[in-house]
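Visitor: Before we start, here is the structure in question, set down as structure tokens.
Every number here is computed from the coordinates shown, using simple stated rules; none is lab data. Given the structure is predicted, the values throughout are model-derived calculations rather than measurements. Here the Cβ positions follow ideal geometry from the backbone for every residue, glycine too, while neighbour counts run over all protein chains shown.
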Amino acid sequence: MVILLDSSGSVTEEQFAATKKFAADLVRHFEISKDRTNVATLSFSQYVHTGRKFSDDVSDESVLKAIDALPYEGSFTRLDFALEKLQGVTFSKAQGARPYDKGSIIKYSILGFG
């Protein structure tokens, strides 16, 4: 699972905080481990900030800390940069992503306000 949060000026700091709370609540419903659900976290605005890679320590605590640490930037909205980073970096084997399986289902869901 990748949690990608919009930290651009199109959301307020309060909305960004609410989105982080929602992401943390969502993660608590999964069994976090290398074999079950692993989580990468990123936020984007003018820049893309990686909070956690798939190759980082896998625990509920590490994921929740990474979500909490994602910064609010409040600048331009560069979703294109974020999606490029997801495809080219975050989902790479070097970052700890699982290899793609033709039978896998990849779903994108963009959560946020604005």
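Visitor: Within the set of other residues whose C-beta is less than 15 Å from the C-beta of Lys53, count the net charge using Lys and Arg as +1 and Asp and Glu as -1.
Guide: Net charge around Lys53: +4.
Visitor: Cα-Cα over 18 Å: which of Lys34/Lys85; Lys65/Lys85; Lys21/Lys85; Lys53/Lys85; Lys20/Lys93?
Guide: Pairs exceeding 18 Å: Lys34/Lys85; Lys65/Lys85; Lys21/Lys85; Lys20/Lys93.
Visitor: Here's a follow-up. Note down the net charge around Glu73, summing +1 for each Lys or Arg and -1 for each Asp or Glu among other residues with Cβ under 14 Å from its Cβ.
Guide: Net charge in that neighbourhood comes out at 0.
Visitor: According to the square roots a ≥ b ≥ c of the eigenvalues of the Cα gyration tensor, what is the shape class of the range 2-95, taking rounded for a/c under 1.5, prolate for a/b larger than b/c otherwise, and oblate for the remainder?
Guide: Oblate.
Visitor: Give me the angle, in degrees from 0 to 90, between the Cα long axis of helix 60-69 and the longest principal axis of the Cα atoms of the chain, rounded to the nearest 10.
Guide: 30 degrees
Visitor: Tell me the label-point distance for the pair Arg98, Phe22, using the 7 Å Cα-to-Cβ offset, in nm and rounded to one decimal.
Guide: 2.5 nm
Visitor: For a quick check, take a GNM of the chain with Cα springs below 10 Å and name the residue from Val89, Val39, Val63 with the largest mean-square fluctuation.
Guide: Looking only at Val89, Val39, Val63, the biggest GNM fluctuation is shown by Val89.
Visitor: Follow-up. What's the ranking of 43-49, 18-24, 73-79, 93-99 by average number of surrounding C-beta atoms within 10 Å, highest first?
Guide: In decreasing order of mean packing, 43-49, 18-24, 73-79, 93-99 become 43-49, 18-24, 73-79, 93-99.
Visitor: Work out how far the C-alpha atoms of the range 1-45 reach from end to end along every principal axis, then list the three figures in whole Å, largest first.
Guide: That gives 37, 17, 8 Å along the principal axes, largest extent first.
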